[in-house]
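Below is one structure, written out as C-alpha cells; comments come after it.
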Amino acid sequence: MKMRISKFIFLMALLFTATACSLTPDYQRPEVSTPAWKEGVSSENTAIAADWWEEFGSSELNALMQQALAQNNDLQASLQRIEQARAGLQIAGASLLPSASATASYMNGPQQAFNITDRRNKGVPEFTGDAGISYELDLFGANRASTDAARETLLSTQYAHDALELIIMGDVAQTYFNVLNLKERHRIAQENLQSTEDLLKAVKARFQAGARTALDIAQQETMLSNAKAEVAALEQQLALAQNALAVLVGEPPQSFSVSGSALDHVSIPAMAAVQPSDLLERRPDIQSMEARLMAANADIGAARAAFFPSVNIGTNLLLAANPSASALSLASSIVAPIFQGGRLEGNVNRVTARQKELAENYQQTVLVAFREAEDALTKVKTTKKREDALRQAERKAREAYDLAKQQYSLSVVDFQRVLESQRLMLESKDRHARARFETLSARIDLFKAMGGGWNRK
C-alpha cells in the first residue's frame, strides 16, 4: 500500500505541474489616438510629486489632506472593496490546487458487521478514519482563466481606490481654498455694507438740506438691501463649504472649523503636465478600466473552456483500528457537457459582448481624461490672465478711491463721491478674490487631470 501511495503522490505532482492549454484570446489594448495638447505644453514630462498639494505652501491644507486620507469614509469603504476582491482571488485560485478532506468515526458496542475489505463478517473495528485528496485537471484553462479574471478584478479595484483617493485629495484642496475665499469675500462684503450705510446717511443728510430727492434715498436704500443680501448669501455659502470640508476629512460639521482666513499666502504652483501618450499610464481611472477589460477577456477563456470535458482524479485512504480493515482506492472521473440547451453558447456570447462593451468604455474613459486635461490646461491659462487683469482693476480702483479722498479733503468733490469710489474699490477686490480662487482651482484641476503623483504599484 505504501508503494501505491507513493505512485499516487508522484502522479498528482506530475499532473499539478502540467501546463494546460488556454482558450483565452490574446489581449490587445484598444487603439487610442494621442495627439499633442492644444495648449502646446513642454514636450518633456513634468515630474509630479505624490504630495503635490504641499506645493501650495499651506500647512493647514497639509494637515487636512493627511486627515482626509486617513479618515475619509468613502476611502475606507473602498479599502474594504479591495479586501473583497482579494478574497475573490483567493477563492478562484483555490481551484488550481488539490483539495483534501478527512473524516473520523468511533463505534462502540457489539454489532453484527462485515470486514471493510472483503465484506465478510469478521467484526467491526472500533475506530475508522477516512482521508481523501482530489484534483481537477485544468486541461483547457478554465480555472486558470477564472483566476486571471479575479486577479485583474483585484487590480481594477485597487486602481479604482487610487482614483477615488485622487478625487478626494482634489476636493479637499478645492473646498479648503473655497472656504478661505468665502471668508475673504465675506469680509469685503461687510466693508461694502458699511460703505453703503455711510453713503445712505450722507444722502439723507443732503436730502434734509434740500440737495437730494426722495428718489436718491430710495435708490441708496435698495443698494443697502442688496448689500445685506450679499452678506447673508456669503455667510450661507461659507457655512455649507465648511460642512462639506468636514465630511471630506471625516469629522462632524458641528465641531469643525478652519483657522485660515484668506488666500494671500497661498502659493501658485508651476504648471505640471504630461504628454497624452503617457497619460494612459498615469491615470488610475484609466488603469482601472483597462484591468476590468482584461478581466472580461479572461472570462471569455473560462466560458469557452466550459464546452470541454473536466477531469477529476483522487484517492481515498481508509484507516481502521484493525490494520486488515485499511484500504486505499484511486478514482477518476470525466464530466463532459452533451446538451445544455444553449446555455454554454449564451454564456460565451454574454461575456464576449461584455468584453466589447468594456473596450468602448475604456476608449470613452481615455477621451474623458483627455478632455479634462485640455480643460484644465485652458483654465490654467485663462484664469491667470483674468486674475492679472482684475488685480490691475483693483489697483486702479484703489487709486481712484485715494484720489477721491484727497479731492474731498480739498473740497473738490463731496463725500458721496468718496463713498461711491470706496464701494467700487470693494467690488473690484471681491472680483479679484474670486479670480484668485479660480486660478488655484484650475491648478488643482490640472494636478487631478494629469493623475497627480500616482504611479502604478
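If we scan the range 231-246, do we find a residue that is under 30 Å from residue 38 (Cα atoms) and open to solvent by 60 Å² or more (accessible area, probe 1.4 Å)? Within the range 231-246 (the criterion being under 30 Å from residue 38 (Cα atoms) and open to solvent by 60 Å² or more (accessible area, probe 1.4 Å)), the answer is no, since none of the residues qualifies. Within the range 426-457, the set of residues being in contact with a Phe, Trp or Tyr (Cβ under 7 Å, 6 or more places away or on another chain) and open to solvent by less than 30 Å² (accessible area, probe 1.4 Å) comprises 440, 441, 447, 452, 453.
Is it fair to say residue 385 is open to solvent by 50 Å² or more (accessible area, probe 1.4 Å), without any contact (Cβ under 8 Å) to a residue 24 or more places away in the chain and within 40 Å of the chain's Cα centre (by Cα)? When the stated conditions are applied, residue 385 passes them. Residues that are open to solvent by 30 Å² or more (accessible area, probe 1.4 Å) and in contact with an Asp or Glu (Cβ under 9 Å, 6 or more places away or on another chain) were ranked within the range 353-364; the one that is farthest from residue 300 (Cα to Cα) is 363. Here residue 364 fulfils each of the conditions (1) touching a residue at least 40 places away in the same chain (Cβ under 8 Å); (2) closer than 30 Å to residue 52 by Cβ apart from (1). Residue 228 meets each of the listed conditions (1) crowded, with 19+ Cβ neighbours inside 10 Å; (2) over 30 Å from residue 307 (Cβ atoms) apart from (1). If you go through the range 206-229, how many residues are small (Gly, Ala, Ser) and over 29 Å from residue 186 (Cα atoms)? Number of matching residues: 4. With respect to being closer than 30 Å to residue 268 by Cβ, open to solvent by 40 Å² or more (accessible area, probe 1.4 Å) and over 45 Å from the mean Cα position of the chain (by Cα), residue 400 fits the description. Give the residue that is modelled with the highest pLDDT, with candidates limited to residues of the range 180-199 that are over 15 Å from residue 432 (Cα atoms) and open to solvent by 40 Å² or more (accessible area, probe 1.4 Å). Ranking the qualifying residues of the range 180-199, first place goes to 190.
Within the range 276-319, the set of residues being assigned to a loop (DSSP other than H, G, I, E, B) and modelled with pLDDT of 90 or more comprises just one member, 283.
The values are calculated or read from the model by the stated rules, or taken from the named source; none is laboratory data. Since the model is a prediction, treat every value here as computed from it, not as a measurement. Note that we place each Cβ from the backbone using ideal geometry, even for glycine, and neighbour counts take in every protein chain shown. Heavy atoms of the whole protein, side chains included, go into the accessibility calculation; ligands, DNA and RNA do not. Shrake-Rupley method; radii C 1.70, N 1.55, O 1.52, S 1.80 Å.
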